[in-house]
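Any read-out appearing in this document is the output of simple, stated calculations on the displayed coordinates, not a laboratory observation. Values in this document were obtained by computation on a predicted structure and should not be read as measured data. Cβ placement follows ideal geometry from the backbone for every residue including glycine, while neighbour counts extend to all protein chains displayed.
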Number of protein chains: 2
Amino acid sequence: LDAIGDSWSLLIVRDALEGLTRFSQFQNSLGVAKNILSSRLKNLVKHGVFEIVRNGSKRGEYVLTEKGRALFPLIVALRQWGEGFFFAPGEQHVSLVDRQLRLPVRKLSLRSEDGRELRPEDTEIVRPERKVVGSKSEIGSLSRSRRRPYTSSRTA
Amino acid sequence: LDAIGDSWSLLIVRDALEGLTRFSQFQNSLGVAKNILSSRLKNLVKHGVFEIVRNGSKRGEYVLTEKGRALFPLIVALRQWGEGFFFAPGEQHVSLVDRQLRLPVRKLSLRSEDGRELRPEDTEIVRPERKVVGSKSEIGSLSRSRRRPYTSSRTA
């Protein structure tokens, strides 16, 4: 979260996923002070989200690494959350479309291994089991969560 | 982004999606100073991510609203990004499982309307068209993006 737990950093990555690579492009897009943009880009490079690519004598370009590109679902999730809650019904806003069909992308949804759509309460965090003599795990090497989401179904 | 563009806020929402509701629970889970937790919760309530539910004389509980619960894909995306890049291969870490199958959930992926998996360069941002006399849109009311991601396929 050090890498991206900041609004500007998320917006920079969003712009980079749209194809921006230059300091001046990010600055124009975001309208952010140079010193803030500079410190955020430096931090993103430090965390391996961007790498600086220099072609000849030109200024460096900020190119997303594999780790940076892997933020795509997160940025899309943020965008879709915004679309869902920050616009009045029918209000026009930017839209993420598939370039082939020219239609809006599907809403991200979390799926189980067998394809069911999962709500928060359909999921659970399991923590790696510590080696304890005599302990038995219910699902192989993963122990049940200490927490129960939403319902007290521990009795079930 | 004002609502959630901050590490603590994201961690609070993450914990709430696992079922935590009380100030003391968030404090124990996150190990964060009371004044910081208090200001972040206040901000999240202000932005409609949480509502405070009071049952009789007990202290209020922080319950996610529909808007707050809709952050689930974003939190999962953040989690999966972390799993992918912050652990050595084979290193044990917490895991999000489907409670029915007791198997890890699928990785979030963005899909087109017809179900193809989409990479960043397969997508494009389109902006609402401004009404201009004589203008024609290529895809109904949405105009093409000014930006081209990654490739200069404008010539295609």
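Overview of values
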| read-out | value |
| --- | --- |
| Those residues of the stretch B:113-128 which are out of contact with any Pro (no Cβ under 9 Å at 6 or more places or on another chain) and part of a loop (DSSP other than H, G, I, E, B), in sequence order | B:Asp114, B:Gly115, B:Arg116, B:Leu118, B:Arg119 |
| Wholly within the stretch B:1-105, helices (runs of 4 or more DSSP H) carrying at least 2 residues that are crowded, with 16+ Cβ neighbours inside 10 Å and touching a Ser or Thr at 6+ places or on another chain (Cβ under 9 Å) | B:7-17, B:34-46, B:72-85 |
| Residue within the stretch B:72-93 that is out of contact with any His (no Cβ under 6 Å at 6 or more places or on another chain) and on the phi > 0 side of the Ramachandran plot present | yes |
| Test: residue in the stretch B:46-63 that is of a type outside the set (A, V, I, L, M, F, W, C) and under 30 Å from A:Gly115 (Cα atoms) | no |
| Residues that are closer than 12 Å to A:Leu118 by Cα, within 21 Å of the chain's Cα centre (by Cα) and at the interface with chain A (Cβ under 7 Å from one of its Cβ atoms), drawn from the stretch B:100-115 | B:Val105, B:Arg106, B:Leu108 |
| Matching entry among A:Leu11, A:Leu20 (being within 22 Å of B:Ser9 (Cα to Cα) and within 13 Å of chain B (Cβ to nearest Cβ)) | A:Leu11 |
